[in-house]
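Shown next, in structure tokens, is the structure this report addresses.
Taken together, the values in this text are just the output of simple stated rules run on the coordinates, not laboratory data. Remember, predicted model here, so these are calculated numbers, not experimental data. Note that each Cβ is placed from the backbone with ideal geometry, even for glycine, and that neighbours are counted across all protein chains shown.
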Amino acid sequence: MQLTDLTWTRVQALSRDTPVVFPIAALEQHGRHMPLFTDSMLLGEIVRRTAEQLGERVLFAPLMWLGNSEHHLDFAGTLSAAPRTYLDLLNDLLENFIQHGFRRLVFINGHGGNDVPGRQAVFEVRQRHRQRGDLLLLFATYWMLGAKPPLADASLRQQQMGHACEWETSMMLRIAPQLVGDFKAAEPISMGNPFEPAARGWITKDRTAPGHIGEPHSATAEKGEALLRVFTDDLVRFLERVIGWNGKTWND
Ligand SMILES: [Zn+2]
């Protein structure tokens, strides 16, 4: 179900155990070969495929395209909500639906920079409603839901998500090839972080001049379809767990 298509009276009539999903993404530079809306288009496609499978069992809010992209602001065209602004925005989305009486609220994220404020938002809202025992507040990033794409498609070279990389470029070649530029000319740029597991403050231009991180030159539309399937399957399974939650326990 799409929130955009319902009347308020239909929302009012829904079971308050219906999971409400807020897809959150970004509008930010994606290298010299891909459009600024890449993250929003990719998450939108995964959510579209997922919603088709889940029908009336989950309510999807429209995708929030403005994300926390401060680290990309050295690249023209990027739009960003500053980290604290973004944290407030995510808090408000959750509070709106708590006000409407819903109990299972889920952020599905498609952009790395939203990870820290997204986790902080669900943490803060839970503390604010600490008397409640029936709230399920979740944050998940679509490529971190457990999928192991290299097992599904042995031709993939990258073992993890980069930026405007083999994985993202492949998925864009699958859904919007007319928007993908000369990805074959993009030099590989390593993920490189010798200080791991420490969290290191960075801006994107510390890591890459053209804007991508990873190996876009090895992208294909076939890899893109394999990736979209793996990520969609993972999201469907995850939301079925949210639907099946018994409403109170921590471990089940
Ligand atoms: Zn991206």
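Just to verify a result, which residue in segment 137-153, among those that are assigned to a helix (DSSP H, G or I) and farther than 24 Å from Thr85 by Cα, is nearest to the ligand (Cβ to nearest atom)?
Trp143
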So Ala176 clears everything in (1) within 16 Å of the ligand (Cβ to nearest atom); (2) buried (at least 19 other Cβ atoms within 10 Å of the Cβ); (3) aliphatic (A, V, I, L, M) except one condition, right? Which one? (2)
Apart from one, (1) touching a strand residue (DSSP E or B) at 6+ places or on another chain (Cβ under 9 Å); (2) farther than 28 Å from Arg132 by Cβ all hold for Pro62; the odd one out is (2)
Looking at this structure, is Leu42 out of contact with any Leu (no Cβ under 7 Å at 6 or more places or on another chain), of a type outside the set (Phe, Trp, Tyr) and within 22 Å of Asp182 (Cβ to Cβ)? yes
Of the residues Thr4, Thr50, Thr85, which single one is within 24 Å of Leu137 (Cα to Cα), surrounded by 16 or more Cβ atoms within 10 Å (Cβ to Cβ) and away from the ligand (no atom under 14 Å from the Cβ)? Thr50
Among the residues of segment 90-136, what is the count of those that are in a helix (DSSP H, G or I), buried (at least 18 other Cβ atoms within 10 Å of the Cβ) and within 16 Å of the ligand (Cβ to nearest atom)? 4
The listed residue being within 27 Å of Thr169 (Cα to Cα) and outside any helix (DSSP H, G or I), out of Leu66, Leu42: Leu66
